[in-house]
1. Restricting to the range 1-52, name every residue that is at pLDDT below 90 and of a type in the set (Ser, Thr, Tyr).
2. Has the range 104-118 got any residue that is more than 23 Å from Arg153 (Cα to Cα) and in a helix (DSSP H, G or I)?
3. May I ask you to list the residues in the range 44-71 that are surrounded by fewer than 18 Cβ atoms within 10 Å (Cβ to Cβ), free of Cβ contacts under 8 Å to residues at least 24 places away in the same chain and over 15 Å from the mean Cα position of the chain (by Cα)?
4. Could you count how many residues in the range 78-103 are within 9 Å of Gly56 (Cβ to Cβ), part of a helix (DSSP H, G or I) and not aliphatic (A, V, I, L, M)?
5. Considering only residues that are crowded, with 18+ Cβ neighbours inside 10 Å and more than 20 Å from Pro108 (Cα to Cα), look in the range 135-163 and name the one that is modelled with the lowest pLDDT.
6. What residue, among those in the range 72-89 that are surrounded by 19 or more Cβ atoms within 10 Å (Cβ to Cβ) and in contact (Cβ under 8 Å) with a residue 40 or more places away in the chain, is nearest to the chain's Cα centre (by Cα)?
Amino acid sequence: MSSGQVPLWVPIMVGVLGFAGVISAQLIVGRREERRWRRELVRERENRSHEERAAGYAQVIGAIEALDTVQFEAKRAAGVLDEHLSADLRQLTSTLRNNLGVVNLQAPERIRVMLSGAILPRLTLSRLLLGDEFRQEDPTLWETSQREYRALRAEMRRDLGMDAEDL
C-alpha cells in the first residue's frame, strides 16, 4: 500500500456510519412527531369535551330559566291557566327533560347529583300547576328549586373554569 491510499474499509465504515446516522435521526424525529401528535389529540379531545359540556350546560340553564319564567306566571295565575300558558308550561317542561342527556353524559358526578335536586322540584311543580286538582302548590318546591339551581349553576361555572358565586 502506498502512503497516499486510504484502506478500503475506511470509506465503507464512513458510509455505514453516515447511513446509520440518517436512519437514527429519522427514527428520533418520527418518535417525537408521534408524541406531539398524541399530545395534540388529547388536547383536542379535552377542548371538544369542554366545549360540548359548556353547550350542554348552556342548554340546561336556558331551559331551566325559561321554565322558571313560565312557572312563575302560572303560580301567579293561581291554578287558572289559559291554553297558551298551559301549552308553554308543557313544552318547556318537555324541553328541560330533553336537554338533560348531554349533561348527564358529560358532566362530572357532582353535577349529575346536583342536577336532580334542581330539576325534580320543577317537574313536580309543573305537574301540580297543570293538574286539575291544583289547589295550592307547596311553596317549598319553588324555593328548593331556586336554591338548588343557584348551587348547580355555580358548580357548572366552576367546572368550566369560570368564576362562580359563593353560596
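The values are calculated or read from the model by the stated rules, or taken from the named source; none is laboratory data. If you're wondering where the values come from, they're calculated on a predicted model, not measured in any experiment. All Cβ positions, even for glycine, are placed from backbone atoms using ideal geometry, and neighbour counts span all protein chains on display.
1. Of everything in the range 1-52, those that are at pLDDT below 90 and of a type in the set (Ser, Thr, Tyr) turn out to be Ser2, Ser3, Ser49.
2. no
3. Passing the criteria: Glu65, Thr69.
4. 1
5. This residue is Glu137.
6. Top of the filtered list is Leu89.
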